[in-house]
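Peer 1: I am attaching a structure below and will ask some questions about it afterwards.
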């Protein structure tokens, strides 16, 4: 199989990930109540529902303008840290897309590298800080390795997802350096970072969608 | 969950709509959730804001002698850059705008991005970050100390300075001086429920309190059995005095309720705080008791001390007229 993503497919993916996030209300809220203030799911869900209700507007735009608009919508609807971080990620990724109408895996890697850089710069954070960056960073790392090793598209996507999953799981033993988990006496050790979990959901949903479509 | 709301999704906009109906001297911009002064004066603009749920912060401090605009986020979540940008635009009268930010990762990122956006439009914007909560160790490599009730006194100081016609640089310097001399310490006795979540953020036992808890229910430094007002005042003030030496100085005191603590208890606490400060030769210039920086329906309190020099004293004493702070 050769993976090529159109903007229509990307919007279908947005629907899939919105469903996934909507269905994990209790789990994410519980995680965030332990290490944060319990609002991560509420805000993320509001953001993705906003994307769904804006689908007809998004459809009219070119791929890169659609990414920019998604960034602006997430930024203004989600609010908090996640909003501005995902907003910065999508806006940065939009410039990587340029005039492309189709995203192949080489471009998808650049898109995710741009998202990673956008988040790290805006958040002044790095891998190991127990944040959403950990899932994304490890996922992108494995993605890049698999591309360099000329793996098949399917293998590349699986590596991306597995890397992201590993990165998410690694947050369990990390000490938080950013965000509200930092204020915990034990810096959140023993609990997954909810931001890393919802980041993983987005990567997982994308990979699963691309592998089945 | 028992709350006087229509829908969790609309609490912020319906609150602010209701607020300006009661305060016609303010104007509310729907969707961007900004409250600003109706009558503008040519001076440095002051903007603050943050997650909702801390009322009267921050919209309650918009008015003469304090803020020009307040920007509200969702409950306990920072407002987005586009909202803050609208606040900056409302406050900007060509003399520059100072952002007063509480030290939380989300607020810092969103306000800084808004600053960048406003600067692209040619505005002159600077910012200060309030980090008064001594429950947390300050730190340069992580988020560090939180901004809590002391922020209100920073609004007061910066607001008075701006009202005098000072430059952006001077207003920033006054705000920074206040921040350097302010410390707070709080405690919580019960949890709060976010409207969108529907159940309490944490649970404390029947007779349990948490010393040092943050205004979003961030964990404190120790759990304890309920203490007498005297013991509690001792604990809170002691923690502040260990962090900053207020001996032989003049201070402003703020006794802040977190939302569900009766004024009766806050006055009892103030009575004890005054005794401790007097015994340590700390002279009280002014005391504020009330609900200034709350945490929804959490019960608990915080104590804030601000060391005053002549400049800060005159700024604290300057007149101000806002919905939640007058003097």
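Peer 1: For segment B:66-75, indicate whether the set of residues that are at pLDDT below 95, out of contact with any strand residue (DSSP E or B) (no Cβ under 8 Å at 6 or more places or on another chain), farther than 22 Å from residue B:160 by Cβ and outside any helix (DSSP H, G or I) is non-empty. Break it down into steps so the answer makes sense when it comes.
Peer 2: Just the residues of segment B:66-75 that are at pLDDT below 95, to begin with: B:73-75.
Restricting the remaining residues to those that are out of contact with any strand residue (DSSP E or B) (no Cβ under 8 Å at 6 or more places or on another chain) gives none.
Scanning segment B:66-75, I find no residue that is at pLDDT below 95, out of contact with any strand residue (DSSP E or B) (no Cβ under 8 Å at 6 or more places or on another chain), farther than 22 Å from residue B:160 by Cβ and outside any helix (DSSP H, G or I), so the answer is no.
Peer 1: Which of the residues belonging to segment B:205-226 are part of a loop (DSSP other than H, G, I, E, B) and within 14 Å of another protein chain (Cβ to nearest Cβ)?
Peer 2: In the first step, residues of segment B:205-226 are kept if they are part of a loop (DSSP other than H, G, I, E, B); the result is B:205-207, B:212-221, B:226.
Selection gives B:212, B:213, B:214, B:215, B:216, B:217, B:218, B:219, B:220, B:221.
Peer 1: More than 17 Å from residue A:18 (Cα to Cα) and more than 13 Å from chain B (Cβ to nearest Cβ): does that describe residue A:94?
Peer 2: Yes, satisfied.
Peer 1: Also, quick follow-up: Residues to consider are A:116, A:105, A:109; find the one that is in contact with a helix residue (DSSP H, G or I) (Cβ under 8 Å, 6 or more places away or on another chain), within 21 Å of residue B:106 (Cα to Cα), modelled with pLDDT of 95 or more and more than 14 Å from chain B (Cβ to nearest Cβ). Write out each step before concluding.
Peer 2: Working: A:105 fails: within 21 Å of residue B:106 (Cα to Cα); A:109 fails: within 21 Å of residue B:106 (Cα to Cα).
The conditions single out A:116.
Results for (1) touching a residue at least 12 places away in the same chain (Cβ under 8 Å); (2) more than 30 Å from residue B:52 (Cα to Cα); (3) surrounded by fewer than 23 Cβ atoms within 10 Å (Cβ to Cβ), shown as yes or no for each residue.
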| residue | (1), (2), (3) |
| --- | --- |
| B:278 | no, yes, yes |
| B:281 | yes, yes, yes |
| B:284 | yes, yes, yes |
| B:289 | yes, no, yes |
| B:295 | yes, no, no |
| B:304 | yes, no, no |
| B:307 | yes, no, yes |
| B:319 | yes, no, yes |
| B:326 | no, no, yes |
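Peer 1: Here is a further query. Would you mind stating whether residue A:81 is within 23 Å of residue A:182 (Cα to Cα) and at pLDDT below 95?
Peer 2: Working: within 23 Å of residue A:182 (Cα to Cα): yes; at pLDDT below 95: yes.
Yes; evaluated as a whole, the condition is true for this residue.
Peer 1: Looking at segment A:90-108, can you tell me whether even one residue there is without any contact (Cβ under 8 Å) to a residue 12 or more places away in the chain, over 30 Å from residue B:201 (Cα atoms), surrounded by 15 or more Cβ atoms within 10 Å (Cβ to Cβ) and over 15 Å from the mean Cα position of the chain (by Cα)? Quick ask: steps written out before the conclusion?
Peer 2: Looking only at segment A:90-108, we keep the residues that are without any contact (Cβ under 8 Å) to a residue 12 or more places away in the chain, and these are A:107.
Next, from what is left, pick out any that are over 30 Å from residue B:201 (Cα atoms): A:107.
After this cut, where a residue has to be surrounded by 15 or more Cβ atoms within 10 Å (Cβ to Cβ) as well, the list is A:107.
Applying the additional criterion that residues be over 15 Å from the mean Cα position of the chain (by Cα) yields A:107.
There is at least one residue in segment A:90-108 that is without any contact (Cβ under 8 Å) to a residue 12 or more places away in the chain, over 30 Å from residue B:201 (Cα atoms), surrounded by 15 or more Cβ atoms within 10 Å (Cβ to Cβ) and over 15 Å from the mean Cα position of the chain (by Cα).
Peer 1: Is one or more of the residues making up segment A:93-105 within 15 Å of residue A:139 (Cα to Cα) and out of contact with any strand residue (DSSP E or B) (no Cβ under 6 Å at 6 or more places or on another chain)?
Peer 2: Taking segment A:93-105 and keeping what is within 15 Å of residue A:139 (Cα to Cα), we get A:105.
After this cut, where a residue has to be out of contact with any strand residue (DSSP E or B) (no Cβ under 6 Å at 6 or more places or on another chain) as well, the list is A:105.
Yes: one or more hits.
Table: residues versus (1) in contact (Cβ under 8 Å) with a residue 12 or more places away in the chain; (2) out of contact with any helix residue (DSSP H, G or I) (no Cβ under 9 Å at 6 or more places or on another chain); (3) surrounded by 17 or more Cβ atoms within 10 Å (Cβ to Cβ).
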| residue | (1), (2), (3) |
| --- | --- |
| B:216 | yes, no, yes |
| B:226 | yes, no, no |
| B:235 | yes, yes, yes |
| B:239 | yes, yes, yes |
| B:247 | yes, no, no |
| B:252 | yes, no, yes |
| B:263 | yes, yes, no |
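Peer 1: One residue is enough: does segment B:263-285 have a residue meeting the conditions at positive phi and either in a strand (DSSP E or B) or touching a strand residue (DSSP E or B) at 6+ places or on another chain (Cβ under 6 Å) (or both)?
Peer 2: Step one: list which residues in segment B:263-285 are at positive phi, which gives B:281.
Checking which are either in a strand (DSSP E or B) or touching a strand residue (DSSP E or B) at 6+ places or on another chain (Cβ under 6 Å) (or both) leaves us with none.
No, segment B:263-285 has no match at all.
Peer 1: Kindly provide the set of residues from segment B:238-258 that are touching a strand residue (DSSP E or B) at 6+ places or on another chain (Cβ under 9 Å) and assigned to a helix (DSSP H, G or I), ordered by number.
Peer 2: Correct list: B:238, B:239, B:240, B:241, B:243.
Peer 1: For the structure I just gave you, tell me whether residue A:137 is under 19 Å from residue A:175 (Cα atoms) and more than 8 Å from every other protein chain (Cβ to nearest Cβ).
Peer 2: So residue A:137 passes the test.
Peer 1: Just the residues that are free of Cβ contacts under 8 Å to residues at least 24 places away in the same chain and more than 23 Å from residue A:5 (Cβ to Cβ), please, taken from segment A:150-181.
Peer 2: Answer for segment A:150-181, where residues must be free of Cβ contacts under 8 Å to residues at least 24 places away in the same chain and more than 23 Å from residue A:5 (Cβ to Cβ): A:169, A:172, A:173.
Peer 1: Being away from chain A (no Cβ under 14 Å) and within 19 Å of residue B:126 (Cβ to Cβ) is the filter here, so list the residues in segment B:42-60 that pass it.
Peer 2: Taking segment B:42-60 and keeping what is away from chain A (no Cβ under 14 Å), we get B:42-48, B:55-60.
Once the filter is applied, which keeps residues that are away from chain A (no Cβ under 14 Å) and within 19 Å of residue B:126 (Cβ to Cβ), segment B:42-60 yields B:42, B:43, B:44, B:45, B:46, B:47, B:48, B:58.
Peer 1: Could you please give the count of residues in segment B:1-52 that are touching a strand residue (DSSP E or B) at 6+ places or on another chain (Cβ under 8 Å), outside any strand (DSSP E or B) and under 17 Å from residue B:323 (Cβ atoms)?
Peer 2: 9
The values are calculated or read from the model by the stated rules, or taken from the named source; none is laboratory data. The structure presented is a predicted model; accordingly, all values stated were derived computationally and were not measured. Here Cβ is always computed from backbone atoms with ideal geometry, including for glycine, and neighbour counts include all displayed protein chains.
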